[in-house]
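The values are calculated or read from the model by the stated rules, or taken from the named source; none is laboratory data. None of these values were measured; they are calculated from a predicted model. All Cβ positions, even for glycine, are placed from backbone atoms using ideal geometry, and neighbour counts span all protein chains on display. Only protein heavy atoms, including side chains, enter the accessible area calculation; ligands, DNA and RNA are left aside. Shrake-Rupley method; radii C 1.70, N 1.55, O 1.52, S 1.80 Å.
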Amino acid sequence: MSNNNEFPKQGDIVIIEAEPHAGHEWGGHNLNTGNIERHMLIVSATPYNRSSGFIVGMPITTSERYKDDKHYKPILVMGDKVTGVKGYVCLYQILNFDYAARKGRVVNKVSDKYLDEVMPFVKAIFNFR
């Protein structure tokens, strides 16, 4: 499933280079160790991703300090060391990245049910009606 030439679809999980970042933006895990990548859940529409070259997603953290925080949704997607995802989707931040320039790659996807549970948070951020 990991193909650098494949643009992600809504509901895909990608790994993307998230550095440099500024202020309260989500960046990579640890710049000091050279780990500049971040998992993200793609929430933008598939046609937008393909036509613009950008992706819009919610960052995923593995920090257990968010396990009881209502602003984070637990995520567990089975897979191997590269494709498996266990952590928490940040429900209050939506990030926009140039997929190719940030060396994005699709590693997995969430179920339709999981995506349906996340999308109301996306709509609330933008006050979609």
Point to revise | Failed condition for Ser111, given (1) at pLDDT 95 or above; (2) more than 15 Å from the chain's Cα centre (by Cα) | key: (2)
Exercise for review: Assess whether Lys70 counts as being touching an Asp or Glu at 6+ places or on another chain (Cβ under 9 Å), open to solvent by 90 Å² or more (accessible area, probe 1.4 Å) and not in a helix (DSSP H, G or I).
Suggested key: no
Exercise for review: Among the residues of the stretch 45-65, count how many are surrounded by fewer than 12 Cβ atoms within 10 Å (Cβ to Cβ) and either in a helix (DSSP H, G or I) or in contact (Cβ under 8 Å) with a residue 60 or more places away in the chain (or both).
Suggested key: 4
Practice item. Could you check, for the stretch 97-107, whether at least one of its residues is buried (at least 17 other Cβ atoms within 10 Å of the Cβ) and without any contact (Cβ under 8 Å) to a residue 40 or more places away in the chain? Key: no
**Study point:** Subset of the stretch 93-108 [farther than 21 Å from Ser52 by Cβ and at pLDDT below 95]
**Key:** none
Check your understanding: Within the bounds of the stretch 15-29, is there any residue that is open to solvent by less than 40 Å² (accessible area, probe 1.4 Å), of a type in the set (D, E, K, R), at pLDDT 95 or above and within 15 Å of the chain's Cα centre (by Cα)?
Key -> no
Point to revise | Filter result for Asn127 (closer than 19 Å to Thr61 by Cβ and open to solvent by 30 Å² or more (accessible area, probe 1.4 Å)) | key: no
**Study point:** Top-ranked residue in the stretch 73-91 [being in contact (Cβ under 8 Å) with a residue 24 or more places away in the chain and open to solvent by 30 Å² or more (accessible area, probe 1.4 Å); ranked as farthest from Lys109 (Cα to Cα)]
**Key:** Lys73
Exercise for review: State all residues of the stretch 88-129 that are in contact with a Phe, Trp or Tyr (Cβ under 8 Å, 6 or more places away or on another chain), in a helix (DSSP H, G or I) and among the aromatic types (Phe, Trp, Tyr); if no residue qualifies, say none.
Suggested key: Phe121
